[in-house]
Structures are given as structure tokens and as C-alpha cells.
């Protein structure tokens, strides 16, 4: 159990803090440490929320794509606890959505643009990564 | 990054070639700034009579966040010397990187400091408002440059009334080149911006990265406007959209004392031109889109180890972009 992922990330950040306290650090090294800490903080904040986010987003995306006339596999062949597979599916579905947007008619679209905008806004708010 | 000994010998050899003599001495060479963005090296060129010229070498990184042409930037700086716009004096160009390994510019080093937060800094409010007005007038001066008379039409394309479409296509091209995955948020932005692109009423020299962080100041005010690498011909409202976009409020506006409307009104009074509010809205949204594309390019540069800054299209930028997208036109 120990060290947990969070404990390892916290440990890495603590070690970066120690290195940053060195008075001889160059500006370049200090900047690099700051950026490394920023990445670790981001991972620590998001890693545990990623799988549920991908599962929910894949379901919403598949529904939206079907509404726009796309044939979408339901993803049931993927393991629900496989975060890498769910992330890949998310990337593939997002590519499908990008293709849908690129092919939208210039005229009336039956409200599809508005539904896509609403979905994307909600996704940006919910994305923990 | 190139080390100081290598750079010193490169500078010495390059300057000797440019001057046709080795009587000048390179002194006090040091790198300023950090990271792997453009390398800035300051040094003094000391002549045989002891006369000292402060210079700065700006060398491209192995791969910039956004590819720009050093030849064009040099031509713009050289042309601006004949205008009233305070810009650095360009000394020499190494367009192909034969002297410095990568394309580089050597410019005269102006005095003063850049402070991206000066408009909301420690100075008294009245002084900050005065400074914000001076920045606005500087932008108006850039747009007032007679670019045709200065010969800039020879190095820059004039997009005419289609400046908005041209810039959108330019940044879409950068997005397609650098995106590692789909960004439907940005595709929707392109779709909406393309459908609503305004026509510009006049063509001016656009700075395209106008901000206090690119303005050198001394006790008397503006010394020079820096970083002309994105400058091009286009719609003056592009720069106004850039400085009044929601993401840059803290850099350009003062809560309760200098609003976006104040800035636009001051600009209109200074230039004697009208600013179309619908076009301004479009350019604001475009500016946020451009910021997102810069982040996409920055992410690629980081993952390819060309940059040490872990950029990414972040929530603030994407949500601002989606919130300001133009609605349906049909």
C-alpha cells in the first residue's frame, strides 16, 4: 500500500523544495524546478479523477456523436478500469467530434453547433487533467 | 543552449566579419533570461578608441514555439528607424545561422526596464493611468506608421480587407502543424470565427504581441517597443482585440480607472478613427484562440524537449474561448 501514489508525488515535491532551497541555484535551475513542481502538482490533483472522467465523457461524447449521425462503437469491449484504454477511446472520440465540426453545414444545423458548444463547455469545466 | 565561451568566439568572429576589422573588442558578454526560448546575450562592443556600444544578440532556439522569420523582423526594425515609433536599432542579421548556429539578430541595447505588471503595480493610480494612456498612444503610433513609404510592402503581404481571414488561416495552419491530438474546442472556434470574420477598413502595421512586458520604460516614459517577431500587415483592431481580451485584463486595464472602453475611446480619439464594436469582439475571441494555439505549440515544444516550459491548452483559456464564441449567423 505504502508509498501510495499521492505519497510518492508529495515526496517528489518535497525533494524539489529541498533542492530549491539551495542558495547556489542558477536562475535556469530554479525555473526548471518550478516547472517540475507545477507538473507534479497537476498530476497529484488529477490522477485519481481521470478514470471516472473518461468513462463519463466517453459516454456523453458517444451520445453526441450518434446525434450527429456518426456510427460509434459502444466501447463495451474495453475494460472499465483500464485508464489507458479509456483515454485512447476519449482521444479517438474527440477526433470524431473534430471531424463532425469540420463538416458542419454553413447554413442551419438543427442546433447541433449549440449542443456541441454546450457539451465542450461542460467538458472543459469537468476535465481534471 | 550554447555556452558562454562558444558564444563569445562566435560574437567576436561575426562582429569582425561585419566590421571588416578585428580592432573592436567584445566585453561583458552574459546571457540574460532563462529557459529555452530565444537566447538573449548582452555584450559591449568596444572600439579601438574605447568607445563602447551596448548590444544584444538574440538567437533563435532549436525550435521556437512559433516559427517566425528573422529576415522579416530585421527588415521591420530597420524600416522603423525612419519612423517615430521607438524600436530597437537593428545592427546585424545572421539570417541562416551561419555565424551563430541558428538565425540571430544583433540589436543595440536600449536602457530601461520591462515590467509586464506595471499598469497594476506599485505606482500611484494617476501615474498608472497615464502610463496606460501612453501605451495606448504607442499602439496608435505603430498603426500610424506609413508602412508603404517605409518599404514594408516589399517584405510583408498586405491582406487588404481580408486581414481577419488571413490571420485565422495563419493560426489554423500553425495549429494543424503542431497539434498532437484533436482539439474540438479549437475546431469549433475556427468554424465560428470563419463564419463571422469581419472585413478590415484599413491596413496598418500590426505588432501582434503588444503588452507592457514588451515595452522598455525609464523614468521619463516609453523607451522602446520590443519583440517584433509576429508583426505583420493587417487590421488595426487586431492589436486592440489582443490588449482588451479577457485573458490580458491585468496587463492592460485598471479596475475602476481604465477599462477596455476607456482604452478603445482613447485609441479612437488619438487616431481619429472609429472602432467597430462587432469587429473588436471578433478580434478578442481570435486573440484567445491564438493564445490557445500558442499553448498547443508550446506543449509540442516541451514534449520534444525544445522548451522547458510545460505549456498546455489550459482550462482558463479554453473556457474563455468557448464563452466568447460568436453565435449562429444563419
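Couple of notes before you dig in:
- Counting only Cα atoms, region B:275-330 measures 43, 21, 19 Å along its principal axes, largest extent leading.
- Each of residue B:46 and residue B:108 was given a label point 7 Å from its Cα along the Cα-to-Cβ line. The distance between the two points is 2.1 nm.
- Rough spin-label spacing in nm, given labels placed 7 Å along Cα→Cβ, for residue B:25 and residue B:250: 4.6
- Cβ neighbours within 10 Å from other chains - mean over A:34-42: 2
- Hydrodynamic radius by Kirkwood, which averages 1/r over all alpha carbon pairs of the protein assembly as shown, in angstrom: 24.8
- Most mobile listed residue (B:314, B:120, B:214) in chain B, GNM with C-alpha springs under 10 Å: B:314
- C-alpha long axis of helix B:184-196 to longest principal axis of chain B, angle in °: 70
- R0 of 60 Å, Cβ-Cβ distance residue B:98-residue A:1: FRET efficiency to nearest 0.05: 0.50
- Gain upon complete extension [residue B:319, residue B:32; 0.36 nm per residue less C-alpha separation]: 99.9 nm
- Relative contact order [Cα under 8 Å, 6+ residues apart], chain B, whole percent: 18
- For peptides B:91-100, A:93-102, sequence by mean Cβ density within 10 Å, most packed first: A:93-102, B:91-100
- Extended-chain gain in nm, criterion 0.36 nm per residue less alpha-carbon gap, residue A:30 and residue A:48: 3.6 nm
- Distance from region B:232-268 to region A:37-91 (C-alpha centre basis), Å: 39
Readers should treat all values here as calculations from the given coordinates under stated rules, not as data from a laboratory. Since the model is a prediction, treat every value here as computed from it, not as a measurement. Neighbour counts are summed over all protein chains in view; Cβ atoms, including those assigned to glycine, are modelled from backbone coordinates with ideal geometry.
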